[in-house]
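The block underneath contains the structure these notes are about, expressed in structure tokens.
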């Protein structure tokens, strides 16, 4: 294993739950470019693996990810420095990864680390974990599209509060704002996230979850009628499908379902394609 491989650990359990762990505990898992490259490469690997049905993202030690490594920020803040994003991995390139992502936020979560949590579909937080958008307190405006994403998660005023003030808030407030859905004791965090991920990995159709994820994110900025038309396309796509038959039969026979894994070439857009609508 190379030094870069150590920056994000990767393991897959018997249920098909992949756990990705930011692993720079000596720097509180502060983000740097090698960790970024490793993280997105593992996401691509998990997306292509039919045995992986759900993903958990967490951090080693006592932090999730407190943002960009301060050593890099210090270099970038010097006069004459410019920011080159051209060679960076697109931050939201994996937003429509066709598998559910669960964040297990075990500690400090800020800036670009908060972006990684927001990329996940469901967020668990350890009681006592602390959050901040941070940008304005570092002399920065909203980076990596957070001013677009955050209001869609917690509402306009709550998002403006957190973005303008850059204040720190804890896991319980994060839950009250709707930023996380579960707050659990630190010792129970990973077990709780794995129990949730394991349940959906065992009992939910990978194809249905991939399409559902595409529906939700894809329809955020569509009008009602366009979204409804896409929903009809989805209904037609799954009607009579092997997954639908298995879902019904497993229910009537009172047994666990046996859904096939997601093929590497599966495209959820095929299910929502509507000949009368663009993409």
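Taken as a whole, the structure leaves residue 103 outside the set of residues that are assigned by TED's automatic domain parsing to the domain that holds residue 38, in contact with a strand residue (DSSP E or B) (Cβ under 8 Å, 6 or more places away or on another chain) and either without any contact (Cβ under 8 Å) to a residue 12 or more places away in the chain or not in a strand (DSSP E or B) (or both). Filtering 172, 199, 270 for residues that are exposed (fewer than 15 other Cβ atoms within 10 Å of the Cβ), part of a helix (DSSP H, G or I) and within 18 Å of the chain's Cα centre (by Cα) leaves a single hit, 199. One residue alone among 159, 141, 187, 193 is in contact (Cβ under 8 Å) with a residue 60 or more places away in the chain and not assigned by TED's automatic domain parsing to the domain that holds residue 247, and that residue is 193.
Answer yes if at least one residue in the range 59-66 is loosely packed, with under 14 Cβ neighbours inside 10 Å and at pLDDT 95 or above, and no otherwise. Checked against the condition, which is being loosely packed, with under 14 Cβ neighbours inside 10 Å and at pLDDT 95 or above, the range 59-66 yields no hits at all. Scan the range 2-22 for residues that are at pLDDT 95 or above and in contact with a helix residue (DSSP H, G or I) (Cβ under 6 Å, 6 or more places away or on another chain) and report the count. The number of residues fulfilling the criteria is 8. The residues on offer are 121, 191, and the sole one that is surrounded by fewer than 18 Cβ atoms within 10 Å (Cβ to Cβ) and closer than 30 Å to residue 259 by Cα is 191. Here residue 233 meets each of (1) in contact (Cβ under 8 Å) with a residue 24 or more places away in the chain; (2) part of a helix (DSSP H, G or I); (3) under 23 Å from the mean Cα position of the chain (by Cα) with one exception, condition (3). Within the range 154-164, is even one residue in contact with a strand residue (DSSP E or B) (Cβ under 6 Å, 6 or more places away or on another chain) and either over 23 Å from residue 215 (Cβ atoms) or buried (at least 16 other Cβ atoms within 10 Å of the Cβ) (or both)? No, the range 154-164 contains no residue that is in contact with a strand residue (DSSP E or B) (Cβ under 6 Å, 6 or more places away or on another chain) and either over 23 Å from residue 215 (Cβ atoms) or buried (at least 16 other Cβ atoms within 10 Å of the Cβ) (or both).
Taking the range 23-42 as the region of interest, how many residues are more than 16 Å from residue 63 (Cα to Cα) and touching a helix residue (DSSP H, G or I) at 6+ places or on another chain (Cβ under 9 Å)? So the count comes out to 6.
The values are calculated or read from the model by the stated rules, or taken from the named source; none is laboratory data. None of the values given here were measured: they were computed from a predicted structure. Glycine also receives a Cβ, built like all others from the backbone with ideal geometry; neighbour counts cover every protein chain displayed.
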